Amino acid sequence: MSADAGSRFVIDDPSALVSALLDDGWRVLGPRLRDDAIVYDEITGPGDLPRGLIDDQEGGHYRLRAGREASWFDYVVGPQSWKKWLFPARQKLWSAEKTGDGFDINPAADDWPKTVFFGVRACEIAAIEVQDRVFDNGDFADPGYRQRRAATLIVAVQCARSAATCFCASMNTGPHADSGFDIALTELADEAAFLVECGSARGAAILDRLEMRVPEEGHLRAAEAASKNAADSQTRRMVDDIPNLLREKLDHPHWEVVADACLSCANCTLVCPTCFCSDVEDVNDLTGDHTERWRTWDSCFTADFSYVHGGSVRRSTKSRYRQWLTHKLSTWHDQFGSSGCVGCGRCIAWCPVGIDITAEAAAFATDPEQSGD
Amino acid sequence: MLVVQDQEPDPMLPRRYRVRSTWAELAGVTSVELTPVDGAAVAFRPGQFNMLYAFGVGEIAISISGDPAEPQRLIHTTRSVGAVSAALTKLCEGDMLGVRGPFGSAWPVAAETGRHIVFVAGGLGLAPLRPAIYHVLEHRERYAGMTLVYGARSPDELLYAEEIKTWKSRFDTEIEVTVDHANPAWTGRVGVVTSCLDRALAGIDPAMVSAFLCGPEIMMRFSVMSLADAGVPPDRVWISMERNMKCAIGFCGHCQFGPDFVCRDGPVFRHDHVAPLLSMKEI
Ligand SMILES: Cc1cc2nc3c(=O)[nH]c(=O)nc-3n(C[C@H](O)[C@H](O)[C@H](O)COP(=O)(O)OP(=O)(O)OC[C@H]3O[C@@H](n4cnc5c(N)ncnc54)[C@H](O)[C@@H]3O)c2cc1C
Ligand code: SF4
Ligand code: SF4
Ligand code: FES
C-alpha cells in the first residue's frame with residue numbers, strides 16, 4: 001500500500017513502525033520510564049516504550065500509576081520536553097587554542113544522526129514550532145538548531161485523554177495535531193488498533209515499508225472521538241485576550257500576591273518547552289591554553305539574569321514573575337507572532353508550590369477594581 | 001520544512017582581530033583600535049556595538065566609538081568594571097581578541113538632516129555618541145545646528161577632553177561641558193547636565209531639535225523632561241539603553257525590555273517608544 005501526505009491507514013500497534021525505523025538506521029528518541037516519570041530518551045526497540053501507565057497531574061503534583069492494561073500512550077507530557085534535544089541544556093559552541101601570536105577558534109562539531117522524535121504530542125509540535133521562530137528570527141539563525149531540526153523526523157501521537165493540568169484546547173495548540181508531523185498515530189483502544197496519518201513524503205517513505213490496512217469508517221470515528229474526549233476533558237483554560245490584558249496590568253497589586261508564594265526556583269522555565277533563555281560560560285583547562293565556550297539554559301527567575309554593573313534590574317520575585325508571565329502570554333506575541341505558552345501544563349505540575357498559570361492569568365482578568373497603569 | 005544552507009555562518013562565532021594600538025583615556029578607561037585578522041573590515045552605523053571577546057575570560061557588549069566613515073579603524077572605549085572589561089583594558093598592541101558584530105539599531109543621524117542636532121551625554125555615554133558626532137561634524141552643512149551637552153562627575157572623568165576642545169574651536173558647534181564636582185583647576189561649569197541642557201536649549205527653536213541621549217538612565221530621564229519642557233517634539237528624541245547581554249542576536253533573552261530585545265530592537269530607541277516602560281521599576 002503506497003502512502004502520500006494526507007493518507008490514512010490502520011496498523012495493529014506501533015511496534016512494527018519502531019522496528020522499521022531502527023532497521024532503517026534512525027536514532028529513535030521517545031518516551032521512557034525513568035525515576036517514576038516519563039522522559040524522552042533513546043529507544044532500542046518497541047519493548048522500551050512504557051505501557052499501561054497513566055499520569056495524575058495537578059498543581060505541584062505528578063504521579064504515574066497503572067492505567068488500562070497494555071495501553072501505549074495514555075499518559076501525556078512529563079517533566080521533559082523535546083527542547084532538551086533540539087536546544088540542549090549544555091552545549092559547546094566553540095573552542096579556542098592559544099597560538100604563538102594569538103589564538104585559533106574552532107567551531108564545535110555537532111554530531112546529530114538522522115533522528116526520530118517518537119510520540120510527540122500536539123502541544124509539543126506547537127512548542128517546537130515556537131522555538132523554530134526563536135532560533136531563526138529573520139536577522140540571525142542558529143545553524144546547529146536548524147540542522148538538528150531538519151534532520152529530525154516527527155512521529156506524533158494524538159492525545160486520547162488530557163491531564164488535569166492540560167489546557168492546550170484554549171491555546172489552539174491541541175489536543176489534535178493537524179500538521180507539523182511526518183507521521184501521526186492515534187491509539188484506538190477499543191479496536192486494539194492505531195490510526196496512522198501520513199504527514200509528509202519523508203513519513204510516506206517509512207510507512208511504505210509497513211503492512212497497513214485501509215481504515216474503516218469505525219476507525220476514523222473512533223479517532224475523532226479520542227481527540228474530542230481529550231479536548232472535552234480539559235478543566236483548565238486560558239482566559240481570553242490575555243496578551244492585551246497583561247499589557248495594562250504591569251502595576252497590578254496581584255503581582256505581589258503571586259510573589260508571596262513564588263520561590264523564584266526557575267522550575268517553570270526549565271520544564272517549559274518554549275523557554276529559550278541561555279547563559280554562556282567559558283571553561284579553561286589548567287594550562288590556560290585551551291578554552292571552550294558553552295551555552296547553558298538560563299532562567300529569568302535567577303538574580304544574575306538581569307545583572308548589569310551595579311546590580312540586577314529585576315531584584316524582586318514580583319518583577320521576575322511578572323517578566324515570566326508577561327513574556328509567555330503577552331510580549332511573546334510582539335516578538336514572535338504567537339503566544340509563548342502552548343498549554344502543556346508542565347509549569348503547573350512541576351511548580352513546587354503549585355502556582356497555576358491559568359489561575360494567575362485569570363486573576364488579572366477578573367479584578368474589576370484595579371486597572372493598574 | 002526548514003532549509004539548511006551548507007555553509008551557514010554561525011552568529012555566535014567570533015572573528016579574530018588584532019590590537020593595532022591602544023591608549024589610556026581616563027583612569028580605568030582605555031581605547032583600542034582593532035584590525036581584522038580574518039577577512040575585511042566591517043561597516044557599522046553610529047550607535048551600534050560589538051561583542052568583544054577576551055581569550056579565556058569572556059565576552060561583553062562594547063559600543064563602537066570610532067568614525068563610521070572610517071570603518072577600517074575600529075575603535076572601542078572600555079571602562080574596567082569587572083573581569084572581562086578589565087581584560088579588555090589590559091590589551092597591548094599586537095594582542096588578539098574576538099569580535100562579533102556590529103549589532104543593534106543606530107542613531108538615525110543621517111535621516112535627521114536639516115535639523116538642529118542636540119547630543120546629550122553623561123560619563124562614558126559619550127563613547128556611543130561619538131560616531132554620530134563625527135557624522136554631523138563631517139556633514140555640518142546638512143544640519144541647522146549642532147549642540148553637545150556633556151557632563152561628567154569630575155574634570156578627571158571627562159572623556160575625549162582634548163578632542164572636545166577641537167570640536168569647540170569650530171564656530172559651527174555649540175559645546176557645553178559640565179562637571180558635578182569641580183577641582184581647583186576647573187574653570188568650566190559645575191552642575192548637572194540638565195541645567196546645562198536648559199541653557200543650551202534656550203536659544204534654539206525646539207521644533208527644529210532632534211536629540212540623541214546616552215548616559216545613566218537617571219540622567220536620560222531628567223534630560224528627556226527638559227527637552228519636553230522646552231517643546232522638543234517627543235518623536236525627535238532618541239536614547240541608548242543598556243541591559244545584560246549574552247548573545248546580541250535575540251537568542252539568550254537576557255536583554256529583554258518588555259517586548260523589545262535591547263540587542264536587536266535597540267540599543268538606540270526612539271524615546272516615546274520605550275517611555276511607558278521606562279517609567280516603571282524592574283521591567
Ligand atoms: C549595548 C551596550 C553597549 C555598551 N558599550 C560600552 C562601552 O562602549 N564601553 C564600556 O566600557 N561599557 C559598555 N557597555 C557596558 C559593558 O558591557 C559592561 O560594563 C560589561 O558587560 C561589564 O562586564 P565585566 O565582565 O567586565 O563586569 P561584571 O560586572 O563582572 O559583569 C559580569 C557580566 O554581566 C554582564 N554585564 C554587566 N554589566 C553589564 C552592562 N552594563 N551591560 C551589559 N551587560 C553587562 C556581562 O555579561 C558581564 O560579563 C555597554 C553595554 C551595552 C549593553
Ligand atoms: S519566560 Fe523567562 S526564561 Fe522563559 S523565555 Fe521568557 S525570559 Fe526566558
Ligand atoms: S508556560 Fe507552562 S503551560 Fe505554557 S508552554 Fe510553558 S510549561 Fe507549558
Ligand atoms: S543579548 Fe541575547 S537576546 Fe539580546
Test of the criteria: in region B:67-114, which trypsin sites (Lys or Arg not before Pro) are in a DSSP loop and have at most 15 other Cβ atoms within 10 angstrom of their Cβ?
B:ARG73, B:LYS90
Using alpha carbons only, how many angstrom separate the centre of region B:162-228 from the centre of region A:343-358?
52
Note to self, chain A gives a 222 nm [θ] from helices alone (DSSP H runs n ≥ 4, -39500 (n - 2.57) apiece, / all residues, nearest 500) of -7500 deg cm²/dmol
How many Cβ atoms of partner chains, on average, are near each residue of B:242-252 if near means within 10 Å of its Cβ?
6
Cα centre as origin, Lys/Arg/Asp/Glu Cβ charges: the protein assembly as shown dipole, Debye:
1140
How many angstrom lie between the C-alpha centres of region B:127-152 and region B:50-64?
26
Scan region B:231-268 for trypsin sites (Lys or Arg not before Pro) in coil per DSSP, keeping those whose Cβ has at most 12 other Cβ atoms within 10 Å, and list them by number.
none
Positive-end extreme of charge dipole, region A:8-232 - chosen from A:ALA108, A:TRP26, A:THR186 (charges on Cβ):
A:ALA108
Karplus (6.51, -1.76, 1.60) ³J(HN,Hα), θ = phi - 60°, over region B:233-249, in Hz, Gly and Pro reported as x
x, x, 8, 10, 10, 10, 10, 10, 10, 10, 9, 3, 9, 10, 10, 6, 10
Per residue of region A:260-272, in order, report the coupling 6.51 cos²θ - 1.76 cosθ + 1.60 (Karplus, θ = phi - 60°) as ³J(HN,Hα) in whole Hz, putting x for Gly and Pro.
4, 8, 5, 8, 6, 8, 6, 3, 4, 6, 6, 7, 5
B:LEU74's amide H: which non-local residues (gap 5+, or another chain) put their own amide H closer than 5 Å, with H modeled 1.01 Å from N in plane and none for Pro or chain starts?
B:LEU34
Rank these by accessible area, largest first, 1.4 Å probe: B:SER154, A:SER71.
B:SER154, A:SER71
Excluding same-chain residues fewer than 8 positions from B:LYS246, which aspartates and glutamates have a Cα within less than 13 Å of its Cα?
A:ASP279, A:GLU281, A:ASP282, A:ASP298, A:ASP304, B:GLU59
Dipole axis of region B:3-103 (+1 Lys, Arg; -1 Asp, Glu on Cβ), positive-most option in B:GLY66, B:MET51, B:THR89:
B:THR89
Summed over the other residues with a beta carbon less than 11 angstrom from that of B:LEU197, with K and R at +1 and D and E at -1, the charge totals -2
A correct Karplus calculation of ³J(HN,Hα) over region A:7-15, with 6.51 cos²θ - 1.76 cosθ + 1.60, θ = phi - 60°, whole Hz and x for Gly and Pro, returns 7, 10, 9, 10, 10, 6, 7, x, 4
Using a 1.4 angstrom probe on the protein heavy atoms only, line up A:MET171, B:MET208, B:MET12 by accessible area, largest first.
B:MET208, A:MET171, B:MET12
Region A:8-232, dipole about Cα centre (Lys/Arg Cβ +1, Asp/Glu Cβ -1), debye to the nearest 20:
340
For a quick check, take a GNM of chain A with Cα springs below 10 Å and name the residue from A:GLY288, A:GLY144, A:GLY45 with the largest mean-square fluctuation.
A:GLY288
Can you give the Kirkwood hydrodynamic radius for region A:137-186, in Å, rounded to one decimal and based on Cα pairs?
13.2
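The values are calculated or read from the model by the stated rules, or taken from the named source; none is laboratory data. Since this is a predicted model, take the numbers as computed values, not measurements. Positions of Cβ are generated from backbone atoms using ideal geometry, with glycine treated the same way; all protein chains shown enter the neighbour counts. Just the protein is used for accessible areas: all its heavy atoms, side chains included, with ligands, DNA and RNA removed. Shrake-Rupley method; radii C 1.70, N 1.55, O 1.52, S 1.80 Å.
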